[in-house]
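Structure first, then comments.
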Amino acid sequence: MPRSLRYARGAQDRVFALVTRGSGAIVLTIMLLVGVFLLIKGYPALSAAKLGFLTTQAWDPNSGVFGIAAVLAGTIFIALTAITVAIPLATGTALYISEYAPPRIKQALISIIDLMAAIPSVVYGLWGLFLLQPSILDLSKWIATYFGWIPMFHVTGFDPNNPLASATIFTASTFVAGLVVAMMVAPIVSSIMREVFTQAPIGEREGALALGATRWGMIRSVVLPFGRGGMIGGTMLGLGRAMGETIAVYLIVSPVFTIQPHILEKGSNSISALIALRYSEASPFEISALMGAGLVLFLMTLVVNFGASFIIARSRSGASSDG
Amino acid sequence: MTITTSRTKVVVTAPLTGIEARRGTGVIRRSDIFSILGSAVAAVSLSSWLFSQLMVFHGVLGFVATSYLLFLIIYSVVVRFDESKLAVRDRVVSVIVQSIAFLMLIVLVIVVIYTVSRGVTALGHANFFTTDMSQTGPLDPLSSGGILHAIAGTLIMILMALIISIPLGVTTAVFISEFPGKFSRLIRTVVEAMTALPSIVAGLFIYATVILSLGFDRSGFAASLAMTVMMLPIIIRSGDVVLRLVPGNLKEASYALGSSTWRTVWNVTLPTARSGLTTAIILGTARGIGETSPVLLTAGVTTYFNANPFSGAMVSLPLATFSFVKSPEPGMVARGFGSAAVLMVLVLILFAIARLIGGRGAGVLSVRQQKRRTQLSRDDVSRFSASQPGAARGVTSGSGRGAGRLSDSLTPLTARLFPRFFARKGSRP
C-alpha cells in the first residue's frame, strides 16, 4: 500500500500554475468565442430567414430573399471532387513511401510531402488558374463527350459533334476547382496515411511474406486493414480542409447562385468564396447573413474533424501486435 | 506501468533494445528491367501510331494517358509469360503505386518551377523589392513599382502575431502537458478541433469582434490577430506533443533534487524540448504567413507603403499576389507571380529552418552539443574520481541511457501536427 504523498506548493509554483492556467483559459475563451460571435452576429439574418436559410438558393439579403443552399451544395461538390481525386493520389504516395521507396530517399520524400502541405494556397490557386485550367479542358471535353450521359458529367449546351465548339464552357467549373483543392489536401492526407501504414506490425507483415504472399498480397492483407482507420480519418481531415479552402476556389470558379450539380460545367460557388466575394460591399444585414454562412461552414468543419478523430481513435491503428 | 503522483504523470517503459529495422527482400533481375523498358517502348510506339496514323485521339494529355494504359496492358502480358497470376498482379500494382508517387512529386516540382519562372520577369527588376505600387498604374512597365509594401506588411503582421501567439501558445502547451486534469483535457480537445478552422472563419471572427463590435478600422493589427487565431491551435497542438516527449526520468531527477514545478519546467522541460518547440512555432508561422483570406477581411488592400500596424490598410504578400492576378494586364500578372515566388521562397526558408532545428527530437543533441556534454561528463568523472573513486561510473552510464531513450522521440512533423492519431504508438517489446 503506497503512502499518499503530500506536498506544500511554494509561492513561485502557485504563481506559475496560475499563469499557465490563465493562458489556457484565454486560449479556450478565444476558441469558444469564434462560434459564439458568429452566432451573435449572424442571428439577425438567421432569425429573419429561418429555415429558408438552408433551402433558398438565391443570395439577395437586401431584398430578404437569401439562403446558402447553392453555396453549400457548391462547397460539398468541390470538396467531394477534391477528395475523390486526392484519395488515390494520397494512398499511392503513402504506400510508395512506406512500402516501396528505397530507405535512402524515404526521409527526403517525407520532407517533400510535408513541404507540399506548407505551400500557400494562393500559389496553388495561381497554378490552377494559369497552368492547370487551360491544359485540363481537353480532359473535361473528353469526359463530357463519352460520359455525358451520366447526369453528373452532363454539360448544358455542349455538342460533341461540333468540332468548332468553344472550350470556354468547361472553364471555371467545380471540376477544375476540385482538382486544385485536391492537390492542396493530398499531401496532408498522404502524411497521415503514411504514418499509419508504417505502424503496421512487422511481425504480421513478415508472417504474411513467410506464408508466400507477394508484396501486394502482404499490403492487402496486413497494411491496408491495419491502416483503415487512419485512411478514413485522414480522408475526413482532408475533406474538412477542402471545405474551408477559400482563395484557390475564389480565383478559379465563376460564382453562380443556383445548385450546379454538373461538375464539368462553368460556374460554381462555395461558402468561403461567397464570403470573400461579398463582404466588402455588404450592408450590415448582408454582413449578418455572411456571418451565418460562416457559422454553417464552421460547424460543418467541426463535425467532420471530430468525426475524423473519433474514427481514428477507435480504429486498431496505432496499437501494436505482440508479433 | 504507470506511476501517478498527484502532479506529474510518468510513464515508465522497459528500455528499448533498439528499433527493429525492416529488411529489404527485393531483388531486381535483368529480365525485370528488360520487360519494363520493352513494354514502355512498345506502349509509346503503339500510341504514337494511334495518334499520328489513326488519329483516334489528340492532345498531349491524351497521349500520355493512352501510352500509360497501353504500358500497363503490355507489361502485364510480358510478365505473364514467365510468372504466375499473383506475381503479375503484384508487379502491376507496384508500377501503379510508383507512378502515383511520381505524379505527386511532379506536381510539386511543376508548382514551384512554374511560379518562379513566371515571376522571374518581375523579380529581375531591383525596384520590385524597393518600391511600392502607389505611383504605378496597371499599364506601367515592370521597371516601375514593386512589392515593398507587401513584404513589409507581411513581416510586421507575422511579427505581431508571433509576439502574441508565442507566449500564449507555449504557456498553454505547458499547462496542457504539465497539469493534467479535466480542464486541460477540455482545452486539448477544443484546440485539436480548431486546427482545422477554415482561414476565412478566423478572418470573419476578427472582423466581427475587432472591427464591427469594438469599432476599430481595418488595420495590420487586426490581421495579425486573425493570424494569431489560426496559428495558436497549431503551435499548442504540436508544442504539447513535443513537451510530452520529454523523458520522464529527466523531470523526475529534477523533482528528486527538490526543485519546484516552475524550476523543473524552466530548467529541464523547456530546454529539452527547445528544438521541437521552435519547429512548432515555425510551422505555425508558415501557415499564418501564407493565408490570404484573413488578411483580405481584416486589413484591406492598399498600394501604399504603411509601417503603422494600428492605422490604415496594410497588405500582405499572399493578398498582394491575389489582387495582382485579378487584373487582366500581363504586367500585373507578372507582378503577382513575382510576389508569389517571394512568398514561396519565404515559406521554403522557414521550412528548411524548421527541418534543420526540428529534425532532432526533444533533447537529442547536435554533434557539437554532444561533444560539449561528453567533455563536461569527463570533467565530472575526473573531479569525482579525484575525491571519491567509484561514484564516477554511475554518472556517465546514467546520461548514456537517457540519450538512448531519446532516439525514440524522433517523430516526423506530421506526427507533431496530429498527435491524437499517433498517441498510442507504443514501443514494441
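The values are calculated or read from the model by the stated rules, or taken from the named source; none is laboratory data. Predicted model, so just to flag it, every value in this text is computed and none were measured. Note that we place each Cβ from the backbone using ideal geometry, even for glycine, and neighbour counts take in every protein chain shown. The area values use the complete protein model at the heavy-atom level, side chains included, leaving out ligands, DNA and RNA. Shrake-Rupley method; radii C 1.70, N 1.55, O 1.52, S 1.80 Å.
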| field | Of the criteria (1) assigned to a helix (DSSP H, G or I); (2) closer than 19 Å to B:Thr302 by Cβ; (3) of a type in the set (A, V, I, L, M, F, W, C), which one B:Met133 fails | value | (1)
| message | I need a count of the residues in segment A:47-64 that are surrounded by fewer than 20 Cβ atoms within 10 Å (Cβ to Cβ) and either part of a helix (DSSP H, G or I) or on the phi > 0 side of the Ramachandran plot (or both). | response | 9
| message | Quick test for you: out of B:Ser134, B:Ser117, pick the one residue that is loosely packed, with under 13 Cβ neighbours inside 10 Å, within 18 Å of B:Val333 (Cβ to Cβ) and more than 7 Å from chain A (Cβ to nearest Cβ). | response | B:Ser117
| said: Pairs please, first residue from segment B:252-264 and closer than 18 Å to A:Leu18 by Cα and touching a residue at least 24 places away in the same chain (Cβ under 8 Å), second anywhere and assigned to a helix (DSSP H, G or I) and open to solvent by less than 50 Å² (accessible area, probe 1.4 Å), Cβ atoms under 9 Å, 6+ apart in sequence or on different chains. | reply: B:Thr261/A:Asp13; B:Thr261/A:Phe16; B:Thr261/A:Ala17; B:Thr261/B:Glu178
| request: Tell me which of these B:Lys182 doesn't satisfy, since it passes every other one: (1) modelled with pLDDT of 90 or more; (2) over 20 Å from B:Gly290 (Cβ atoms); (3) facing chain A (nearest Cβ under 7 Å). | output: (3)
| Tally, over segment B:180-216, of residues that are closer than 26 Å to B:Thr278 by Cβ, touching a helix residue (DSSP H, G or I) at 6+ places or on another chain (Cβ under 9 Å) and touching a residue at least 12 places away in the same chain (Cβ under 8 Å) | 9
| request: Check segment A:18-25 and report whether any residue there is within 24 Å of A:Ala282 (Cβ to Cβ) and of a type outside the set (Lys, Arg). | output: no
| task | Mind listing just one residue for me: the one in segment B:187-206 that is at the interface with chain A (Cβ under 7 Å from one of its Cβ atoms) and surrounded by fewer than 20 Cβ atoms within 10 Å (Cβ to Cβ) and, of those, farthest from B:Ile289 (Cα to Cα)? | result | B:Val190
| task | Evaluate segment A:98-114: report whether one residue or more is facing chain B (nearest Cβ under 9 Å), polar (S, T, N, Q) and either farther than 30 Å from B:Thr285 by Cβ or open to solvent by less than 10 Å² (accessible area, probe 1.4 Å) (or both). | result | no
| task | Identify the residue in segment B:83-95 that is more than 7 Å from every other protein chain (Cβ to nearest Cβ) and either in a helix (DSSP H, G or I) or in contact (Cβ under 8 Å) with a residue 24 or more places away in the chain (or both) and, among all such residues, is farthest from A:Ser135 (Cα to Cα). | result | B:Lys85
| field | Check on A:Met236, touching a Leu at 6+ places or on another chain (Cβ under 8 Å) and at pLDDT 85 or above | value | no
| If you check A:Ala210, A:Ala186, A:Ala165, A:Ala200, which single one turns out to be under 14 Å from the mean Cα position of the chain (by Cα) and not polar (S, T, N, Q)? | A:Ala186
| task | Could you list all residues from segment A:178-235 that are part of a loop (DSSP other than H, G, I, E, B) and open to solvent by 10 Å² or more (accessible area, probe 1.4 Å)? | result | A:Gln199, A:Leu211, A:Gly212, A:Ala213, A:Thr214
| task | Scan B:Phe102, B:Phe128 and give me the residue that is in a helix (DSSP H, G or I) and open to solvent by 20 Å² or more (accessible area, probe 1.4 Å). | result | B:Phe102
| query | Is it true that B:Val174 is within 10 Å of another protein chain (Cβ to nearest Cβ) and in contact with a Phe, Trp or Tyr (Cβ under 8 Å, 6 or more places away or on another chain)? | reply | no
| said: Can you find a residue that is within 30 Å of the chain's Cα centre (by Cα) and either of a type in the set (Ser, Thr, Tyr) or open to solvent by 50 Å² or more (accessible area, probe 1.4 Å) (or both) anywhere in segment B:377-385? | reply: no
| Going by the conditions given, is B:Gly137 modelled with pLDDT under 85 and at positive phi? | no
| note | For segment B:41-69 the number of residues that are open to solvent by 30 Å² or more (accessible area, probe 1.4 Å) and more than 14 Å from chain A (Cβ to nearest Cβ) is 11
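Rundown of residues vs (1) touching a residue at least 40 places away in the same chain (Cβ under 8 Å); (2) surrounded by 12 or more Cβ atoms within 10 Å (Cβ to Cβ); (3) of a type outside the set (A, V, I, L, M, F, W, C), yes/no style:
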site: A:Ser4; (1), (2), (3): no, no, yes
site: A:Gly10; (1), (2), (3): no, yes, yes
site: A:Asp13; (1), (2), (3): no, yes, yes
site: A:Phe16; (1), (2), (3): no, yes, no
site: A:Thr20; (1), (2), (3): no, yes, yes
site: A:Ile26; (1), (2), (3): no, yes, no
site: A:Val34; (1), (2), (3): yes, yes, no
site: A:Ala45; (1), (2), (3): yes, yes, no
| query | Quick check: anything in segment A:117-138 of a type outside the set (S, T, N, Q) and surrounded by fewer than 17 Cβ atoms within 10 Å (Cβ to Cβ)? | reply | yes
| task | Please work out if A:Ala167 is surrounded by fewer than 16 Cβ atoms within 10 Å (Cβ to Cβ) and under 30 Å from A:Ile119 (Cβ atoms). | result | yes
